[in-house]
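Everything below concerns the one structure shown next.
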Amino acid sequence: MMKNAMTTEPEDGMPPQGVPHQQSAVRTPAVPDGATASLLHTVERWTAHGWLRSLDQALVLFLHELDPGASPLVLLAAALASHQLGRGHVCLDLQATLDNSRFALSLPPDTAAQGSGATEPTPLPLPSELLAQVNLLQWQSVLQASALVAAPGKPSQGGTPLVLQGDRLYLRRYWQYEQDVAQAIGQRITASQHLRQGRSAAQDAMLRQALDQLFAPAPHQVPDSPDWQKMACALAASSAFSIITGGPGTGKTTTVVKLLALLQSMALQQGGRPLRICLAAPTGKAAARLSESIVQALQRLDDAQLPALPPAEGGGPRSLKPLIPSEAQTLHRLLGSRPDSRHFRHDAQHPLALDVLVVDEASMVDLEMMAALLSALPPQASLVLLGDKDQLASVEAGAVLGELCAQAERGLYWHETAQWLQQVTGQQVPAELQDIAGKPLDQAVVMLRVSHRFHADSGIGQLAGVVNAGRRKAIKPLLKAGYPDLAAYAVPDPTHSSLAQLVLDGGGKRFVDSAAKRDAGPVGYGHYLQVLREMPPNPGPEALNAWALRLLKAHGEFQVLCALRSGPWGVEGLNERIAQLLAHRELIAQSSGWYAGRPVLVTRNDYSLKLMNGDIGITVQMPANQAPETGGAGMAPGALRVVFATSEGLRWVLPSRLQAVETVYAMTIHKSQGSEFSHAAVVLPPSLSPIMTRELVYTGMTRAKRWLTVVAGGSSNFSVLEEATERQVRRSSGLRQGEL
């Protein structure tokens, strides 16, 4: 039986090298003949069923070729570690796998009840069966004894494909990424501590004066409530590494604009040159939104609110605003991605030419990208990470921001940190957020705790808070409380009239006081399709571009967001259903192919077209008289073009040139990260899916700026939302257990 085939013991009966000879539990039964062949066959069957990826199977076969005598337990661990990597985990948590091995594979929801593939001539074993006779010490001992695995205290461990660290098994490359990230951040945190300790009284006085000017007391500020934005600026201005986290509307962008003004003023007042500042984000959509937010924040700032600068050479006054950049770029473009390569032009040998780097939407940055970014950052440069720690983690492996901000709620500031903050900001860190047990990393993290978008009477804010806190029992009463910005109802099936009303006009009647907000209430896709029909007759290039901007803005007023990709309640099913509905109402000409009004989402960076993953464009039938200036010469009258708003202006693109796009009446919540919509409709499936988690629904709900509709598909009556709220993403890695 395979239950007993997965453990092994050295021939001399002694514990493997590096394992203390102290517990009999470490001794394991011998491997019967054929155990490895049986495991390889099982891995092949798992792959055929889609429980493993072909890549995972290929790794197992490769390791078996490297070491034909490798224990089946080692090969099984490698398969699971590789598979977990594909699911976002940096490593395989051995103890967690033994505790709940069913979640080590991509099993369909009903597999546990079946016990195996229903159509298989012989039962398909589950990981729980293969590991039934194995405990943690046994598994660790077998891994430590393998020539394929490096482990602490084991000589000649360099170059092995697998690395064991405690009860975590890594593929070597990702173990190295984690080590590099931890080391680079640790070095910057240490440098920050030395920098702050070496500051003079004059420097602190200059910092205090500049901060007081940037953060004049707001008339609506709660008495005795600390100004976290001001404290975030103080910490980041005196650090080589800092994190500013907070939920939607807490002022992360406003804070960073004031931070950049502070840094530039401090540099110039001390006789230095203007700092070289770069803004970046993981996706093109997030970069464009950051650029837009920076511009808006700068417009709200009066020169009188900014610190004074030394006079210009001619003796005239100088403004800080021109020294604050407003154009962000993707991390791939910043680092200089190389085609068909994991490497970038900028690395430790060819560092970036900058003094300050700000990365927005940092929750979307995976471990590999963070390692590359830190490697390319000059030692003297400062890194500021912005993001919501409670949002979905990156699609690729790692949850770097979430792990670095794991203690942000608790603060854990040292007394020395709190004392220095009070000295330079006049703000008192609450006593409950001070703790002598805090780590150096905690002194570099500031959480913004006041939302300026969602006030106390906001249903969106209340619901997001309840979901984020895991308060399952509070969800249904809140959905029924009648908040003016929140609607929630069940839709029996995707053909129901209530879904049609939502898609067409936003379902405004479902919102409290909707009659009073008729002229400025929530809208559906009928709104942008009306603007599409209002193209000016015979427009010139300027009029055409102005209309296109209005069209794109109108489309951004509403978006359907799905938890799933496939199925009738997923992106694929709803995109087809919505297109058919709009075609039936004659709002679009057809429901497939290219047609005027079709919204499309770019799914892969296209540098030749200057379009990034996440960009949304609208298909337009060009006027018969002329083409826009950006459309190129020789455009046929009445031809279709797709118009995008980019950081460099509008781009008009031939549909035939767009090779990686999909219709986007509905998009996944994952794809919506980095975006905001005036009205967001979050569609939940009738039954719980493995991807339905607290982070997913929180991210979807907080894409809404003014109105949120929550749709319960089928007859679930929001039980799916309640269950998802209790499930958190816990990605396995070592950063959380580190000593940063």
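The values are calculated or read from the model by the stated rules, or taken from the named source; none is laboratory data. No experiment lies behind these values; they were computed from the predicted model shown. Cβ coordinates were reconstructed from backbone atoms using ideal geometry, including for glycine residues, and neighbour counts include every protein chain displayed. Areas reflect the complete protein model, heavy atoms only, side chains present, ligands, DNA and RNA absent. Shrake-Rupley method; radii C 1.70, N 1.55, O 1.52, S 1.80 Å.
Look at (1) closer than 30 Å to ARG730 by Cα; (2) open to solvent by 70 Å² or more (accessible area, probe 1.4 Å); (3) in contact with a Pro (Cβ under 8 Å, 6 or more places away or on another chain) and you find that VAL365 fails only one, number (2).
Residue count for segment 630-659, restricted to those that are surrounded by fewer than 21 Cβ atoms within 10 Å (Cβ to Cβ) and either modelled with pLDDT of 90 or more or among the polar types (S, T, N, Q) (or both): 10. Going through (1) in a loop (DSSP other than H, G, I, E, B); (2) over 25 Å from the mean Cα position of the chain (by Cα) one by one, GLY470 falls short only on (2). Consider segment 122-150 and keep the residues that are within 19 Å of HIS64 (Cα to Cα) and part of a loop (DSSP other than H, G, I, E, B). The one that is most open to solvent (accessible area, probe 1.4 Å) is ALA147. Each residue in segment 156-180 was checked for being among the aromatic types (Phe, Trp, Tyr) and free of Cβ contacts under 8 Å to residues at least 12 places away in the same chain, and 0 pass.
Return yes when HIS346 is touching a Gly at 6+ places or on another chain (Cβ under 8 Å) and assigned to a loop (DSSP other than H, G, I, E, B) and no when it is not. For HIS346, the condition - touching a Gly at 6+ places or on another chain (Cβ under 8 Å) and assigned to a loop (DSSP other than H, G, I, E, B) - is met.
Take the conditions farther than 16 Å from THR619 by Cβ, in contact with a strand residue (DSSP E or B) (Cβ under 7 Å, 6 or more places away or on another chain) and not hydroxyl-bearing (Ser, Thr, Tyr) and apply them to ARG577. Does it pass? Judged against the criteria, ARG577 is not a match. Residue selection: ASP493 fails the criterion of being open to solvent by 70 Å² or more (accessible area, probe 1.4 Å) and part of a loop (DSSP other than H, G, I, E, B). For segment 301-330, a residue qualifies if it is modelled with pLDDT of 75 or more, part of a loop (DSSP other than H, G, I, E, B) and either among the polar types (S, T, N, Q) or open to solvent by 70 Å² or more (accessible area, probe 1.4 Å) (or both), and the qualifying residues are ASP302, SER319, SER326, GLU327. When you check VAL446 against the structure, is it β-branched (Val, Ile, Thr), open to solvent by 10 Å² or more (accessible area, probe 1.4 Å) and within 30 Å of GLY700 (Cβ to Cβ), yes or no? No; evaluated as a whole, the condition is false for this residue.
Do any strands (runs of 3 or more DSSP E) lying entirely in segment 156-248 carry at least 3 residues that are under 30 Å from LEU73 (Cα atoms), and which ones are they?
In segment 156-248, the matching strands (runs of 3 or more DSSP E) lie at 162-165, 168-171.
Among the candidates ARG27, ARG45, ARG87, the residue that is more than 30 Å from SER363 (Cα to Cα), among the basic types (Lys, Arg), at pLDDT below 90 and surrounded by fewer than 20 Cβ atoms within 10 Å (Cβ to Cβ) is uniquely ARG27. GLN17 meets each of the listed conditions (1) farther than 26 Å from GLU178 by Cα; (2) at pLDDT below 90; (3) among the polar types (S, T, N, Q) apart from (1).
Going by the conditions given, is GLY459 modelled with pLDDT of 85 or more, on the phi > 0 side of the Ramachandran plot and not β-branched (Val, Ile, Thr)? When the stated conditions are applied, GLY459 does not pass them.
Residues of segment 543-595 that are under 19 Å from SER675 (Cα atoms), out of contact with any helix residue (DSSP H, G or I) (no Cβ under 7 Å at 6 or more places or on another chain) and among the basic types (Lys, Arg): LYS553 alone.
Just one of the numbered conditions (1) open to solvent by 20 Å² or more (accessible area, probe 1.4 Å); (2) more than 20 Å from the chain's Cα centre (by Cα) is not true of ARG333: (2). Scanning segment 591-610 finds no residues that are assigned to a helix (DSSP H, G or I) and of a type in the set (Gly, Ala, Ser). In segment 34-69, of all residues being outside any helix (DSSP H, G or I) and touching a helix residue (DSSP H, G or I) at 6+ places or on another chain (Cβ under 6 Å), the one that is nearest to LEU137 (Cα to Cα) corresponds to LEU52.
Taking ALA96 as the residue in question, decide whether it is closer than 19 Å to HIS64 by Cβ, of a type in the set (A, V, I, L, M) and modelled with pLDDT of 85 or more. Criteria not met by ALA96. Could you list, in sequence order, the residues of segment 275-287 that are in a helix (DSSP H, G or I) and within 17 Å of PRO248 (Cα to Cα)? Passing the criteria: LYS285, ALA286, ALA287.
Exactly one residue out of LEU582, LEU564 is buried (at least 20 other Cβ atoms within 10 Å of the Cβ) and farther than 23 Å from PRO522 by Cα, and it is LEU564. Selection of segment 70-101 for residues being more than 19 Å from ARG173 (Cα to Cα) and in a helix (DSSP H, G or I) yields PRO72, LEU73, GLN95, ALA96, THR97, LEU98, ASP99, SER101.
All conditions in (1) within 22 Å of SER192 (Cα to Cα); (2) assigned to a helix (DSSP H, G or I); (3) of a type in the set (Val, Ile, Thr) hold for ILE460, with the sole exception of (1).
Quickly run through segment 588-608 and pick out the residues that are at negative phi and either modelled with pLDDT under 85 or not hydrophobic (A, V, I, L, M, F, W, C) (or both). Those that are at negative phi and either modelled with pLDDT under 85 or not hydrophobic (A, V, I, L, M, F, W, C) (or both): GLN590, SER591, SER592, TYR595, ARG598, PRO599, THR603, ARG604, ASN605, ASP606, TYR607, SER608.
Counting only residues that are open to solvent by less than 50 Å² (accessible area, probe 1.4 Å), assigned to a loop (DSSP other than H, G, I, E, B) and acidic (Asp, Glu), segment 394-434 holds 0 of them. Of the residues making up segment 550-566, one or more are assigned to a helix (DSSP H, G or I) and among the charged types (D, E, K, R).
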